[in-house]
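Undergrad: One structure is given below, represented as structure tokens, and several questions about it will come after.
The values are calculated or read from the model by the stated rules, or taken from the named source; none is laboratory data. Since this is a predicted model, take the numbers as computed values, not measurements. So basically every Cβ, Gly included, is an ideal-geometry build from the backbone, and we count neighbours across all protein chains shown.
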Amino acid sequence: MFSHGSKSSPETPSPARETPAPAARPSGEPSIISADLRVVGDLHCSGDLQVKGNVEGDIKSRSVTIGSGAHVQGSVIAETVHISGSIEGEIKAPAVSVAKSGRVVGDIIHQTLAVEAGAHLDGHCRRMDSKQAKAAETGAGLSSVKAATAPLGTEKKAAG
């Protein structure tokens with residue numbers, strides 16, 4: 001087992017000594033901003049994002065959950081947004097829900113909106129039209145959410 005007869009040359013490391021590649025994040029595992037973390041800057045995430053701390057910047061993600069006690073100062077663009085904490089900024093998402101502990105100061109552009117009794121909402125709520133909602137539902141990513149939430153008349157016309 002500890003034989004001195006055959007040693008690996010230093011130029012070819014043994015497989016046991018190689019540094020393993022970082023494991024890919026499973027698709028069901030969210031990215032988490034913990035309660036003791038403060039982020040200053042924009043966040044871009046292709047999957048789910050849970051905010052339990054403080055974010056000063058814009059968030060773009062597939063799904064965003066702002067937990068109780070969390071605070072976001074900036075806009076949020078996602079396919080679904082769940083708010084139990086507070087947000088100061090615009091929300092653009094086909095599906096938005098605000099829990100009774102949630103506080104929103106800003107406009108919400110949505111397809112479906114659920115607001116529990118006791119939630120605080122200070123802003124305008126505007127429903128996406130069916131064309132915008134369909135584009136958001138059939139799209140495969142944030143680009144579809146961005147296109148679906150653009151003001152009417154600002155989308156590019158196809159050359160033809």
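Undergrad: How many residues does region 95-132 contain that are assigned to a strand (DSSP E or B), among the hydroxyl-bearing types (Ser, Thr, Tyr) and under 15 Å from Thr65 (Cβ atoms)?
TA: 1
Undergrad: Scanning for something modelled with pLDDT under 95, over 17 Å from Val76 (Cα atoms) and of a type outside the set (Val, Ile, Thr), does region 113-129 turn up at least one residue?
TA: Yes, there is a match, as at least one residue in region 113-129 is modelled with pLDDT under 95, over 17 Å from Val76 (Cα atoms) and of a type outside the set (Val, Ile, Thr).
Undergrad: Right, here's the next one. Within region 89-115, count every residue that is within 16 Å of the chain's Cα centre (by Cα) and under 19 Å from Ala35 (Cα atoms).
TA: Of the residues in region 89-115, 0 are within 16 Å of the chain's Cα centre (by Cα) and under 19 Å from Ala35 (Cα atoms).
Undergrad: Among the residues of region 54-84, write down those that are of a type outside the set (Gly, Ala, Ser), in a loop (DSSP other than H, G, I, E, B) and in contact (Cβ under 8 Å) with a residue 40 or more places away in the chain.
TA: Matches in region 54-84: Arg62, Glu79.
Undergrad: Among the residues that make up region 39-53, is at least one of them in contact with a Gly (Cβ under 9 Å, 6 or more places away or on another chain), surrounded by fewer than 21 Cβ atoms within 10 Å (Cβ to Cβ), in a loop (DSSP other than H, G, I, E, B) and of a type in the set (Asp, Glu)?
TA: Yes, because at least one residue in region 39-53 is in contact with a Gly (Cβ under 9 Å, 6 or more places away or on another chain), surrounded by fewer than 21 Cβ atoms within 10 Å (Cβ to Cβ), in a loop (DSSP other than H, G, I, E, B) and of a type in the set (Asp, Glu).
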